[in-house]
Structure formats: structure tokens, C-alpha cells
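> I'd like to ask some things about the structure below.
The values are calculated or read from the model by the stated rules, or taken from the named source; none is laboratory data. Remember, it's a predicted structure, so these values are computed and weren't measured experimentally. Ideal geometry is used to build each Cβ from the backbone, glycine not excepted, and the neighbour counts take in all protein chains shown.
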Amino acid sequence: GQSLEQPSEVTAVEGAIVQINCTYQTSGFYGLSWYQQHDGGAPTFLSYNALDGLEETGRFSSFLSRSDSYGYLLLQELQMKDSASYFCAVPSGQAGTALIFGKGTTLSVSS
Amino acid sequence: GAVVSQHPSWVICKSGTSVKIECRSLDFQATTMFWYRQFPKQSLMLMATSNEGSKATYEQGVEKDKFLINHASLTLSTLTVTSAHPEDSSFYICSARDTSGYTYNEQFFGPGTRLTVL
């Protein structure tokens, strides 16, 4: 089966850079996704990596190393509104199937 | 991006009653939708995969007779929690993929339904 490990909490100040790591164990690999969830809200898609390397989308970047079964989400120029839970996720089976989520990392950004 | 809605957004019911939650894809067709459950401060746990026109596929440990799923059209899936008990109180979230565009790898989540069973 699939399992993912990520830190439970991260704290930072506004303007800082934070990296949230995710290691995974999967039977077959079909990409690593990152989602953001604010309290009481729905998860929103941040990024997807299928190949090794860095994907950049504005202040957020995501990295993947398939040989290390490892990825990270990099958040730059942190803002208070970035305080949320961040989940890494992999497909439960082939690409496009349901997602299996990590336990989530709660990011707290202070001023 | 594609939009998924859920109704109701929250519901409070008495123990033993049944509650139906609707999940709709508003601007795309979804042959497959997914239902997740999330307890406070925990991750999303996949409950079942809802397939249009066929039976849902349930994850291990999820009672199919308790959590009835119907996917009668390409834009609507429903989850009915039958004979709800306080331990069923949770945040139920559905998701779907829009396979028609360029967001193939992205799942779009509904806003969730918070169920409280008294």
C-alpha cells in the first residue's frame, strides 16, 4: 500500500522561506501532489510532480526525487494567509485514481 | 478551474437518522468521484470511489451498508449515512477529476459537509 510521512508542524515568520518534506512508499509511482487546506475548508491543489526536479508556481515550488522517494514543498515570502495545513498525496493506484494523503503539516506563520 | 459543490455544507441530526450528502460537478462531467472523511486535526481518509452507473468501490474498513453511495449521473454523486451515530460525526469531502482539459492530475474538492450526530 501507499504511505507518506511529513512533519506534523512547522512555524515561521512572515517573509521567511519554509520547506515541508514528504517521503513516500508506494507500490508503483504515479506522481506526488501537494494540497493546501485552511481550517474548515476544502483542500486546494498546489502542485504536481511526476518527474524529478523542481516545479515553480509563484511563491510555491515543489521538488521531487523519485530515486529517494522524496519530495518537498517550498514556500517563499511567507504571508499570514499561508497559515494552513499542507498535505502531500499520491494516487492510490494508477494516475487519476483517488488520492492517499499524508497526515498533513500545520504551518503557522507569525508576524 | 473546475468547480465541485456539496450540499448541505453542514448538518446536525439525531442518532439513528439518515443523512444524504450531495456532490455535484458544476461545469464538467465526472464519471468518477471520490468520497473522503476527515476527523478534526487529521488527514483525509478515502472512503470510497463512486462510479457513474455502477457500484461504488469501498475502502477496507468502510461499511458499504452504512455509507450508501449513488452516482446516478455524470454530475452527481450522493453519500447517505444511514442510522448515523455520534462516531460518524466528521467532515465529509468529495472530489472529482475533470478529464476533459489540462488538469488531468488535479483533483477538485467540494467545500465539504460537516456532519454532527447528537
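> Within the range A:36-46, track down each residue that is modelled with pLDDT of 95 or more and either part of a loop (DSSP other than H, G, I, E, B) or farther than 24 Å from B:Y36 by Cβ (or both).
The one that is modelled with pLDDT of 95 or more and either part of a loop (DSSP other than H, G, I, E, B) or farther than 24 Å from B:Y36 by Cβ (or both): A:H38.
> Would you check which residues across the range B:13-32 are more than 17 Å from the chain's Cα centre (by Cα) and exposed (fewer than 15 other Cβ atoms within 10 Å of the Cβ) and list them?
B:K14, B:S15, B:G16, B:T17, B:D27
> For the range A:89-111, name all the residues that are within 15 Å of A:H38 (Cα to Cα) and within 10 Å of chain B (Cβ to nearest Cβ).
Our first condition is that a residue be within 15 Å of A:H38 (Cα to Cα); within the range A:89-111, this holds for A:103-109.
Of everything in the range A:89-111, those that are within 15 Å of A:H38 (Cα to Cα) and within 10 Å of chain B (Cβ to nearest Cβ) turn out to be A:K103, A:G104, A:T106.
> With respect to A:T44, determine if the residue is closer than 29 Å to B:G112 by Cα, exposed (fewer than 13 other Cβ atoms within 10 Å of the Cβ) and without any contact (Cβ under 8 Å) to a residue 40 or more places away in the chain.
On the way: closer than 29 Å to B:G112 by Cα: yes; exposed (fewer than 13 other Cβ atoms within 10 Å of the Cβ): no; without any contact (Cβ under 8 Å) to a residue 40 or more places away in the chain: yes.
No; evaluated as a whole, the condition is false for this residue.
> Right, here's the next one. Can you tell which of A:S33, A:S65 is within 9 Å of the chain's Cα centre (by Cα) and over 20 Å from A:S108 (Cα atoms)? Give the steps one after another, and end with the answer.
Details: A:S65 fails: within 9 Å of the chain's Cα centre (by Cα).
Answer to the check: A:S33.
> Follow-up question, since we're still on this one. Tally the residues that are closer than 19 Å to B:S43 by Cβ and either at pLDDT 95 or above or outside any strand (DSSP E or B) (or both), restricting the search to the range A:47-60. Show your work before the answer.
Quick first cut of the range A:47-60, residues closer than 19 Å to B:S43 by Cβ only: A:47-48.
Keeping just the survivors that are either at pLDDT 95 or above or outside any strand (DSSP E or B) (or both) gives none.
Here the count works out to 0.
> Still on this structure, I have one more. For the condition within 30 Å of B:T31 (Cα to Cα) and either at pLDDT 95 or above or not in a loop (DSSP other than H, G, I, E, B) (or both), what is the one hit in A:F87, A:F63? Steps first, answer last, please.
Values: A:F63 fails: within 30 Å of B:T31 (Cα to Cα).
When all the criteria are applied, what remains is A:F87.
> Next up: In this structure, does A:Q79 turn out to be away from every other protein chain (no Cβ under 14 Å) and more than 20 Å from B:M45 (Cβ to Cβ)? It would help to see each step written out before you state the result.
On the way: away from every other protein chain (no Cβ under 14 Å): yes; more than 20 Å from B:M45 (Cβ to Cβ): yes.
It is true that A:Q79 is away from every other protein chain (no Cβ under 14 Å) and more than 20 Å from B:M45 (Cβ to Cβ).
> May I pose another question? Quick one: which of B:S54, B:S77 is touching a His at 6+ places or on another chain (Cβ under 6 Å), among the hydroxyl-bearing types (S, T, Y) and either surrounded by 14 or more Cβ atoms within 10 Å (Cβ to Cβ) or assigned to a loop (DSSP other than H, G, I, E, B) (or both)? Break it down into steps so the answer makes sense when it comes.
On the way: B:S54 fails: touching a His at 6+ places or on another chain (Cβ under 6 Å).
Result: B:S77 is the single residue among B:S54, B:S77 that is touching a His at 6+ places or on another chain (Cβ under 6 Å), among the hydroxyl-bearing types (S, T, Y) and either surrounded by 14 or more Cβ atoms within 10 Å (Cβ to Cβ) or assigned to a loop (DSSP other than H, G, I, E, B) (or both).
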